[in-house]
Amino acid sequence: MKSKKHLLIAFLVVLSTTFNSCATAQSSNKKQKYKVAVCDWMILKRQKLGAFGLASEIKADGIEMDMGGLGNRPTFDSKLGDPVERQKFLNKSKETGVGISSIAMSGFYAQSFAAREITPMITDCIKAMKDMNVKVAYLPLGTQTDLVKNPELRPEVIKRLQWAGKEVGKIGGVIAIETSLDATEEKKLLDEVGSKYIKSSFNFANALDNKRDISSELKILGKKYLAQIHASNTDQFWLENDPAIDMPKIKQTLDEMKWSGWLIVERSRDVNQVHNVKANYGANVAYLKKIFQN
């Protein structure tokens with residue numbers, strides 16, 4: 001009888017320790033100041049359930065999920081408007097523990113935000129945000145809306161962003177824009193838009209392509225204006241091998257700014273194995289986690 005009692009006590013101690021360890025791990029994950037995501041279209045899983053499994057395999061905390069192709073369509077080629085399909089994505093996110101950092105409108109990389117009828121695209125994206133409980137949408141002002149090369153588009157872009165800000169503000173969300181402007185000019189643009197629901201999606205590659213220091217740009221932009229970060233360079237090296245990026249310094253800068261949020265890997269693929277998705281994104285996720293989560 002005494003032996004059984006001791007066994008029961010030992011079992012309860014082990015069970016308690018295991019439970020506490022799991023609870024601590026979950027609590028630690030929830031409190032993580034910086035989380036790391038990958039773009040679903042860059043890991044070749046645009047709006048595919050497999051994006052969550054692959055992200056989990058390479059130990060990413062989340063995915064930036066794309067709204068789908070645009071081309072000449074009136075709106076994105078998206079599954080997220082279908083409640084049945086949408087629920088599959090939400091279930092898979094829950095099952096894998098991989099979150100959704102943001103919903104991307106990557107179609108605007110090549111399409112004009114200033115010239116096209118944007119109402120259906122923005123409306124569909126905001127609805128997807130609301131239905132999936134995602135707070136940030138990513139909007140790249142791509143080649144056709146490059147405000148450095150086409151400054152005459154600025155008034156129209158501001159007007160459209162002011163409208164988009166009002167719409168996304170209704171759900172308490174944010175549209176994070178990526179521009180070709182330096183931090184000083186982007187901050188001016190955001191001030192002219194004048195909406196707390198329109199912020200910046202800062203991209204390392206944009207700064208580096210224009211020979212700007214990442215940490216200096218982040219300081220100029222400031223915490224108030226920064227919604228998320230695309231934490232990668234153009235394809236050449238993995239992040240850990242890139243001589244142009246001082247990641248510990250960037251972390252120190254963000255710590256001093258008291259910023260927290262998603263770091264999203266878009267590129268930084270090794271050109272010698274550019275098609276090796278697991279190797280490239282696994283290495284970059286691991287390095288960001290080593291610097292930002294340890």
Notebook entry, point to check: Using modelled backbone amide H atoms (1.01 Å from N, in-plane), which distant-in-sequence or interchain residues come within less than 5 Å of S180's amide H?
Noted result: L147, V148
Item checked: Relative contact order for the chain, counting Cα pairs under 8 Å that sit 6 or more residues apart, in percent -> 17 percent
Next item on the list: Quick one: among I63, I220, I264, which has the greatest mean-square fluctuation in a GNM of the chain with alpha-carbon springs under 10 angstrom?
Entry: I220
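Can you tally the net charge around I126? Count Lys and Arg as +1, Asp and Glu as -1, for every other residue whose Cβ sits under 10 Å from the Cβ of I126. Present the calculation step by step, with values, prior to reporting the outcome.
Numbers: positive: K127, K130, K170; negative: D124, D131, E167.
Net charge around I126: 0.
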Checklist line | Bins of 10 Å from zero: percent of alpha-carbon pairs in region 112-152 | finding: 26, 42, 26, 6
Notebook entry, point to check: Between A279, A183, A55, which gets the highest mean-square fluctuation from a Gaussian network model of the chain, Cα cutoff 10 Å?
Noted result: A279
Next item on the list: For region 121-231, give the magnitude of the charge dipole about the Cα centre (Cβ charges: +1 Lys/Arg, -1 Asp/Glu; no others), in debye to the nearest 20.
Entry: 460 debye
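Looking at this model, which pairs from K211/K258; K79/K188; K92/K278; K223/K249 are more than 27 angstrom apart at the alpha-carbon?
The answer is K79/K188.
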Check: What translational diffusion coefficient, in µm²/s and rounded to a whole number, does the Stokes-Einstein relation yield for the chain at 4 °C and a viscosity of 1.567 mPa s, taking the hydrodynamic radius as the Kirkwood radius over Cα pairs?
Finding: 64 µm²/s
Margin query: With angles folded into 0 to 90 degrees, how steeply does helix 183-193 sit against the dominant principal axis of the chain? Use alpha carbons for both and round to 10.
Written below: 80 degrees
Margin query: Suppose we flag trypsin sites (Lys or Arg not before Pro) only when DSSP calls them loop and at most 11 other Cβ atoms lie within 10 Å. Which is the longest uninterrupted stretch of the chain?
Written below: 32-148
Check: Measuring from centroid to centroid over Cα atoms, what is the spacing of region 217-237 and region 172-214 in Å?
Finding: 8 Å
Check: Roughly speaking, what is the centre-to-centre gap between region 94-110 and region 256-294 when only Cα atoms are used, to the nearest Å?
Finding: 16 Å
Next item on the list: Evaluate the Debye formula for region 90-195 with equal point scatterers sitting on the alpha carbons, no solvent, and hand back log10 of I(q)/I(0) at q = 0.21 Å⁻¹, in q order, two decimals.
Entry: -1.12
Margin query: At 222 nm, what value in deg cm²/dmol follows for the chain if DSSP H runs of at least 4 each add -39500 (n - 2.57) and the sum is divided by all its residues, to the nearest 500?
Written below: -14500 deg cm²/dmol
Note to self: Explain nothing, just the number: dipole magnitude of the chain about its Cα centre with +1 on each Lys and Arg Cβ and -1 on each Asp and Glu Cβ, in debye rounded to the nearest 20.
What the structure shows: 1500 debye
Checklist line | Top of Q236, Q47, Q273 by mean-square fluctuation, Gaussian network on the chain, Cα under 10 Å | finding: Q273
Check: Relative to the first principal axis of the alpha-carbon coordinates of the chain, what is the inclination of helix 247-257, with its axis defined by its Cα atoms, in degrees from 0 to 90 and to the nearest 10?
Finding: 80 degrees
Notebook entry, point to check: For region 114-146 and region 51-92, what is the separation of their C-alpha centers, rounded to whole Å?
Noted result: 14 Å
Note to self: Angle check, please: helix 119-132 long axis (alpha carbons) against the longest principal axis of the chain (alpha carbons), in degrees 0 to 90, nearest 10.
What the structure shows: 10 degrees
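Throughout, read-outs are computed from the coordinates displayed, never taken from laboratory work. Predicted, not measured: the structure shown is a model, and the values here were computed from it. Cβ coordinates were reconstructed from backbone atoms using ideal geometry, including for glycine residues, and neighbour counts include every protein chain displayed.
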